Amino acid sequence: MRIGIVGVGAMGSTHAAAWAELGVPIAGFVATTPEHAQPLAERYGASVYPDLASLLSACDVVDICTPTHLHRPMVVQAARAGKDIICEKPLARTLDEGRDMIRTCREAGVRLLVGHVVRFFPEYVRAREAVKAGQVGQVAVVRLQRDVFRPRKAQDNWFLDVEKSGGMILDLMIHDFDYARWVAGEVETVFCQHIGDPSISPGDHALAILRHRHGAITHVEGSWAYPPPTFRTRFEIAGADGLLIHDTATTAPLAVFRHQAAGDEAGEVPVPASPLLESPYTTQLKAFYRHLMYGDPIPVTAADALAALQIALAAITSTQTGAPVSLTPLPEVEA
Amino acid sequence: MKIGILSFAHIHAESYAWHLGRMPGVEFLGIADDDPVRGEDAARRYGTRFFPTYADLLAAGPDAVVVCAENTRHRPLVEMAAQAGAHVLCEKPLATTLADGQAMLEACEKAGVILMTAFPMRFSAPILEVKALLDRGQLGKILAANTTNQGQLPRRYRAWFVDPALAGGGAVFDHTVHLADLLRWFLHSEVVAVYAQTNRIMHGDTVEVETGGLLLLTFADGAFASIDCSWSRPANYPSWGGLTMELIGQKGVVHVDAFRQNLTLYSNRDEHPSWLSWQSDPDRAMLEEFVAAITARRTPRVTGYDGYKAMEVALAAYRSAATGTVVQLPLE
C-alpha cells in the first residue's frame, strides 16, 4: 500500500511521521505551495506532486490533511479515481457536502475513513470501555472540555476563516461532540453559546448542552481563548452507578522545573501530548491501515463523522438563533 | 445580641449552632423546632435552650434569627420573625416560589428588619480571592464561565432534600443558587435568559426529583455561564462534592476549586479515601457579617434580594427543562 498525503500543515506532517513509523511507504505529497512540501518529501524519501490528480496516479490510498473546505472536492476527486480515502476531521464544512462525500464514496466503491483521533486517545478509549462494561451504570451527565490557544499559523491561517474552517466549534469542539455520541448515544437537541469576536475575546470560546436520545445530558466546552501553550482536556462521565474523571492537569506524569524560563515551545497549532509509547495519531493510522489491508474493524465510520458534523453545525446554528436546535435523524447514521 | 435558630431541618443548622455558641457578643438564645425530638436533641448537643414552638422563641425577644426550615417552609417563619422585629438570616434557597420570595422581602422591608440569604460561598476564602482579582481588573471583562456545584445525593443528610413537597425540587434547587449568586456578584450583571436540561437517571429508582442538571445562563452584559448542579458524586466519593468555577476573561482565565484545600486520607478503617478539609470556615464569616450588619444598622453584603434573584434562576431552569425553550428573566 502506497500512501499519498495532501496537505503539509500540522496534520499532514503528523500523519507522515505516523506512516513512516508504521513502515507504510509514502508515495508523495501535494501542497498548495509545492516548496512547503519539499522538507517532508526529503525526510521521508517521497516525491512532491504538482496536483492531486498526479498524486492519485502514484498512490493506492490518499490521506487528505487539507483545510476543511477542501475536503469535499478532494474526496470526490479521489473517489472517482477509485482510491480509498483517509480524511481529516471535520468530515466537511456543511452537512450537504458530507452527505455527498459519503454517497460518492459508496457509489465509487471506495472506503472513506475520517480522522476522529480522539477515539484513539487511550484515556478516551479506556473511559468508553469502562462505560460499555457497565462500570458507571447508565450514563446520566457527561462533561467534556477541550481548552487550547487560538491557532497561530504564520501564513494562511485558515482556522480563523469561518468560511473555510467553520471556526472553533467545527474544528475543535467536534472532537467532543463525536465522543459524547460515542459514550452516550445519539443526540436529540443542542443548545450552544459562543463568543468569537476577536475585538472582544482573546479567542473563540463556546459552551454547549446536548440532550441524548436515551436521556443523558452532556456539557461541552471548547476554547481557543487560553494562552499558548495550553492544551487541556478534561472529562467526567457520571452514571447511575459511578463516576469517571479525567483531567490532563492531574495526569501529567512529568513536571519539569527549569531555572531559565523555557519560553513558549508550542507549535502554531495546538496538538495534545502525554508521554505514550505510540502516538494516538499512529494508533489511528495503524487501525486505518489494518482496516484497508485486512478488513479489521475500526471504531469510527464515515457515518459517525457525519453525525458529529451535524451536531457541530447545529451548535453553530444555535449560537446564531439563540434557541436550542433539534436534530433530524440521518439515514446514513440510523442505517 | 440574642440570636435563635428557627427549625433544625437543614443540615447547615448544625454549623450555625456551633458557631453561635462561640461568637463574642452573641447570646445563643436557643432552638425552636416543630420536630421536638430533633430540636431537643440539637439543643442538648449545643448546650442551648429548646423552644417547643417558633412563637415561644420569638416571644423570648431575639434580636435576630437564623431560619433553617425546609425550603418550602421558609416563608411563614420569616414572616413571623419580621413581625416580631427580629432580623433574619434565611437558609438558601430563599424560597421555592416567586410569591413566597416576594412576600418575604416585603415582610422584612415593612418591619424594618434585615433579610440576609445564607450564601456562605460569598465568604469562602478562595472565592474572595477570585472576587478581588476580578475587581482589580486582572482578567478584564468576564466573557464566559463554566461552573459546577456537584454533590452526592443529599438524602444521607436529610430525607426531605429529595422530597419535592419540602425541597421544592431536586438538584436544581439545591445547587443552582450558590453559583447563580456568585456569578451575579462577580459579573455585576443580571441573568436575562436561562436554558436547562435535567434528568433522573442517577438514583432514578429511589427519588422523584431531578438528579442531573445542566444550565446555560445569559447575562445582561452578554456574558454566558453554565452551571452543573448534578448530584453526580457517588456515595464513595471522597467528600460530599464541591464547587468550581472557570472564568474566561479578556485578559486571561482563572480556575477556582473552592473546596480544594484538603488532605487526602487513605485509611484501613475506611472503605474509600476521604478528603479532610483545612479550609477557612466560611460559615463563621457569614454569621459575623450578619451580626456586623445588624450592629451597624447597614445592609448586609448578601441580601434577601440576592437570594430572590438566585431562586429566580432556578425557577427559570425548571421552566426551561419542562418546555425545552430558553426562558427570559425576570420571571412574571
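The values are calculated or read from the model by the stated rules, or taken from the named source; none is laboratory data. Because the structure is predicted, anything quoted here is derived from the model rather than measured. Cβ: placed from backbone, ideal geometry, glycine included. Neighbour counts: every protein chain shown.
Of the strands (runs of 3 or more DSSP E) entirely within the stretch A:149-250, those holding at least 3 residues that are within 11 Å of another protein chain (Cβ to nearest Cβ) and charged (D, E, K, R) occupy A:231-239. If you go through the stretch A:87-125 and keep only what is in a loop (DSSP other than H, G, I, E, B) and among the small types (Gly, Ala, Ser), you end up with A:92, A:109. Whether a residue is more than 7 Å from chain B (Cβ to nearest Cβ), touching a residue at least 12 places away in the same chain (Cβ under 8 Å) and either surrounded by fewer than 18 Cβ atoms within 10 Å (Cβ to Cβ) or not in a loop (DSSP other than H, G, I, E, B) (or both) was assessed, and residue A:256 does not pass this test. Taking helices (runs of 4 or more DSSP H) as the structural unit, those lying wholly within the stretch B:123-204 and holding at least 3 residues that are among the β-branched types (Val, Ile, Thr) correspond to B:171-187. Of all the criteria given as (1) within 14 Å of chain A (Cβ to nearest Cβ); (2) in contact (Cβ under 8 Å) with a residue 24 or more places away in the chain; (3) touching a strand residue (DSSP E or B) at 6+ places or on another chain (Cβ under 6 Å), the one not satisfied by residue B:130 is (1). The numbered conditions (1) within 12 Å of chain A (Cβ to nearest Cβ); (2) under 26 Å from residue B:132 (Cα atoms); (3) within 21 Å of the chain's Cα centre (by Cα) are all true for residue B:222 except (3).
Within the stretch B:246-253, is there a residue that is part of a loop (DSSP other than H, G, I, E, B) and either surrounded by 17 or more Cβ atoms within 10 Å (Cβ to Cβ) or in contact with a Lys or Arg (Cβ under 6 Å, 6 or more places away or on another chain) (or both)? Yes. Taken together, the residues in the stretch B:54-102 that are β-branched (Val, Ile, Thr), farther than 18 Å from residue B:313 by Cα and surrounded by fewer than 19 Cβ atoms within 10 Å (Cβ to Cβ) amount to 0. Being surrounded by 17 or more Cβ atoms within 10 Å (Cβ to Cβ), without any contact (Cβ under 8 Å) to a residue 24 or more places away in the chain and either over 30 Å from residue A:325 (Cα atoms) or within 8 Å of another protein chain (Cβ to nearest Cβ) (or both) is the requirement here; does residue B:263 meet it? It is false that residue B:263 is surrounded by 17 or more Cβ atoms within 10 Å (Cβ to Cβ), without any contact (Cβ under 8 Å) to a residue 24 or more places away in the chain and either over 30 Å from residue A:325 (Cα atoms) or within 8 Å of another protein chain (Cβ to nearest Cβ) (or both). Restricting the stretch A:199-214 to residues that are closer than 21 Å to residue A:231 by Cβ, without any contact (Cβ under 8 Å) to a residue 60 or more places away in the chain and not acidic (Asp, Glu), the residue that is surrounded by the fewest Cβ atoms within 10 Å (Cβ to Cβ) is A:203. Residues being buried (at least 21 other Cβ atoms within 10 Å of the Cβ), of a type in the set (Gly, Ala, Ser), closer than 19 Å to residue B:193 by Cβ and touching a Cys at 6+ places or on another chain (Cβ under 9 Å) are represented in the stretch B:305-318 by at least one member. Looking across the stretch A:302-329, the residues that are without any contact (Cβ under 8 Å) to a residue 60 or more places away in the chain and part of a loop (DSSP other than H, G, I, E, B) come down to A:322, A:328.
Looking at B:140, B:204, just one residue is under 19 Å from residue A:195 (Cα atoms), within 14 Å of another protein chain (Cβ to nearest Cβ) and surrounded by fewer than 19 Cβ atoms within 10 Å (Cβ to Cβ), and that residue is B:140.
If you go through the stretch A:261-291 and keep only what is assigned to a helix (DSSP H, G or I) and either crowded, with 18+ Cβ neighbours inside 10 Å or at pLDDT below 95 (or both), you end up with A:280, A:281, A:282, A:283, A:284, A:285, A:286, A:287, A:288, A:289. For the stretch B:189-201: of the residues being more than 7 Å from every other protein chain (Cβ to nearest Cβ) and within 16 Å of residue B:171 (Cβ to Cβ), which is surrounded by the most Cβ atoms within 10 Å (Cβ to Cβ)? So, considering only residues that are more than 7 Å from every other protein chain (Cβ to nearest Cβ) and within 16 Å of residue B:171 (Cβ to Cβ), the one surrounded by the most Cβ atoms within 10 Å (Cβ to Cβ) is B:196.
Looking only at residues of the stretch A:126-148 that are assigned to a loop (DSSP other than H, G, I, E, B) and within 14 Å of another protein chain (Cβ to nearest Cβ), we find that the one that is surrounded by the most Cβ atoms within 10 Å (Cβ to Cβ) is A:136. Taken over the stretch B:225-260, residues that are over 30 Å from residue B:136 (Cβ atoms) and either aliphatic (A, V, I, L, M) or free of Cβ contacts under 8 Å to residues at least 40 places away in the same chain (or both) amount to 4.
Conditions (1) touching a helix residue (DSSP H, G or I) at 6+ places or on another chain (Cβ under 8 Å); (2) within 14 Å of another protein chain (Cβ to nearest Cβ); (3) under 26 Å from residue B:212 (Cβ atoms); (4) not in a strand (DSSP E or B), marked per residue:
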position	(1), (2), (3), (4)
B:276	no, no, no, no
B:284	yes, no, no, yes
B:291	no, no, no, yes
B:295	no, no, no, yes
B:301	yes, no, no, yes
B:308	yes, no, yes, yes
B:322	no, yes, yes, yes
B:331	yes, no, yes, yes
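Only residues that are in a loop (DSSP other than H, G, I, E, B), more than 8 Å from every other protein chain (Cβ to nearest Cβ) and buried (at least 24 other Cβ atoms within 10 Å of the Cβ) were counted in the stretch B:225-237, giving 2. Considering only residues of the stretch A:162-177 that are more than 18 Å from residue A:65 (Cβ to Cβ) and of a type outside the set (Val, Ile, Thr), which is surrounded by the fewest Cβ atoms within 10 Å (Cβ to Cβ)? The extreme case among them is A:163. Residues that are assigned by TED's automatic domain parsing to the domain that holds residue A:78 and touching a residue at least 40 places away in the same chain (Cβ under 8 Å) number at least 3 in the following helices (runs of 4 or more DSSP H) confined to the stretch A:6-56: A:10-22, A:52-56.
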